[in-house]
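Below: one structure, written as structure tokens.
The values are calculated or read from the model by the stated rules, or taken from the named source; none is laboratory data. Given the structure is predicted, the values throughout are model-derived calculations rather than measurements. No Cβ is skipped: glycine too gets one built from the backbone with ideal geometry, and neighbour counts run over all protein chains shown.
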Amino acid sequence: MLVDVANKVYIDTETPDNQQSLYTPKEVTADTKSQTKVHEGVLRTLYFDENETSYLMEYELPVSIGPTPWGKMLFGFSLLHLNEQIAASLKENEANLQKLSIQTGYIAAVILLLTYLLISHLSQRIVSPIIELRRHTKELAEGKFENADKIESEAADEVGMLTRDFGLMAGNLKQSYRQLEEYNLTLEHKVSERTEALNFKNDELLNALEHLEESQQQLIHSEKMAALGQLIAGIAHEINTPLGAIQASVGNSSRYLNAFSENLHTFLRSTNTEEQLFLCNLLTKAKHEKRFSTREERKIRRNLVEIFEHEEILKAEDLAEMLVDMELSDEIDHLLPFFKQPNSYYITEMAHKLTGIGRNSETIRTAVGRASKVVFALKHFAHHDNSGNKISSDINQGIRTVLTLYQNLLKQGCEVIEQFGDIPEISCYPDELNQVWTNLIHNAIYAMKNKGTLTITTEKTGGEIKVTFADSGSGIPEDVQPHIFDSFYTTKPAGEGSGLGLGICKRIIDKHDGDITFVSTPGNTVFTVTLPII
């Protein structure tokens, strides 16, 4: 078909009647599909039927006269005949394939039959001797050597050679096995002798271990007693001081009571009712517990002296001293008119002596409490538990016990900062842990030369209790730090240290499944102990 630019048909070889009419493109219905492609200016359209089988191929070529486009030429080729030839060829190929499959099946059956016959023949010649060898191998592996001499073969092939070599090996193995049985009997006898000797040695080692553990416990206790020996002088001072206060207070109370008894009759005859009421008033309002510090008492005393001197009261300083002792400075406005009476000083002196008994009693109570605290700490510290069983104990209380025993050294210039947290009691060996706290506190005091700050902190972190001792001493030299937990290693002068303290601390903490570490710089040394909460 030849069509100009106005779509006028000039030539149509399929339908000549369409010549000189307008070209109408082929319609594509719902049952048909088309596929278009352009290549080098040529438009190709392929049409498919409802079975998606191509039945027509159409080419559209542009036609020009010189540079001017004239129209286009359409070539259409029916593919129906080609599709029929392709279908016939496919049927012919399917038939050939079916015929070839049948032939292949016959050939495969023949090959399988020949292969089976060949394998059966080879099994008789190769596999059977190998199976026999496997049976003999299993017997040898189980220690059965009865048939070891019957392994033989007359075949000249490789399997026959293998069988004969295996038989030779089995015979040698049988002979070696018999020799081994003889050796085993001898070895069992020797092993029995050695086992008996080892058991004897083990018993000796167990006894030595028990003695070693006992020695270690004795060493810990001895080290604790040695530390206690160093503290005895200070502890004696801590006990003698309250005892001296008690003795002095008892003597003063006795003198005050005797003086009051001797002067009571004279007082009652020489005073009137108002003066006697004044005495009763002083006795009623006097207090025995000390409320003010020494500095505050001096300030109050000066104020009272100024008031008395301004009022021209005689013996102002003595009166002020007695009123401060009786803690009646708050009542000065109420009592001041009475001090202008002639017998006021005499009455105040009588009240001061009588109330002195109460003040002495308070002093005795305080001294007894202080001495009791030291004695309790000493008893708790010196306790030695021989049961070997852990008990529930309060870590804070153990540290306070050691601090009480070291009070005489600490008060020489050491400031102790106690930052004790709310920690639970743990299952431990409390007397051994007290030895740890003793060594750490003693070393801190020694490093600070009895002057500095010791900060003790306890806290709960997760499933552990952490205890830290931080001192402001000179620190541990770097060359000494790697050996700090070595036994018998000490930097102290001869006679001042055995080198066992920190080594014992390490073993005690290890015994509690805990850990002890330290960091040290000049002016700041911190030992940290962690103990599991069990």
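Regarding TYR55, is this residue touching a residue at least 24 places away in the same chain (Cβ under 8 Å), part of a strand (DSSP E or B) and in contact with a Ser or Thr (Cβ under 8 Å, 6 or more places away or on another chain)?
Taking the combined requirement at face value, the residue satisfies it.
Restrict the check to segment 472-489 and report whether at least one residue is modelled with pLDDT of 90 or more and either farther than 24 Å from GLN412 by Cα or buried (at least 19 other Cβ atoms within 10 Å of the Cβ) (or both).
Yes, the conditions are met somewhere in segment 472-489.
Does GLU321 satisfy being under 20 Å from GLU362 (Cα atoms) and out of contact with any Gly (no Cβ under 9 Å at 6 or more places or on another chain)?
yes
Here is a yes/no grid of residues against (1) modelled with pLDDT of 85 or more; (2) in a strand (DSSP E or B); (3) farther than 26 Å from PHE420 by Cβ:
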{"residue": "THR458", "(1), (2), (3)": "yes, yes, no"}
{"residue": "ALA470", "(1), (2), (3)": "yes, yes, no"}
{"residue": "SER498", "(1), (2), (3)": "no, no, yes"}
{"residue": "LEU502", "(1), (2), (3)": "no, no, no"}
{"residue": "ASP513", "(1), (2), (3)": "yes, no, no"}
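Give me the residue from segment 52-82 that is of a type in the set (S, T, N, Q) and more than 17 Å from MET1 (Cα to Cα) and, out of that set, surrounded by the most Cβ atoms within 10 Å (Cβ to Cβ).
It comes out as SER54.
Listed here are the residues, each with its yes/no results for (1) surrounded by fewer than 16 Cβ atoms within 10 Å (Cβ to Cβ); (2) at pLDDT 70 or above; (3) closer than 21 Å to PHE339 by Cβ.
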residue: VAL250; (1), (2), (3): yes, no, no
residue: GLU262; (1), (2), (3): yes, no, no
residue: SER270; (1), (2), (3): yes, no, yes
residue: GLU274; (1), (2), (3): yes, yes, yes
residue: LYS285; (1), (2), (3): no, yes, yes
residue: GLU289; (1), (2), (3): yes, no, no
residue: THR294; (1), (2), (3): yes, yes, no
residue: GLU306; (1), (2), (3): yes, yes, yes
residue: GLU309; (1), (2), (3): yes, yes, yes
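State all residues of segment 39-50 that are under 12 Å from LEU61 (Cβ atoms) and either touching a Phe, Trp or Tyr at 6+ places or on another chain (Cβ under 8 Å) or surrounded by 10 or more Cβ atoms within 10 Å (Cβ to Cβ) (or both); if no residue qualifies, say none.
VAL42, LEU43, ARG44
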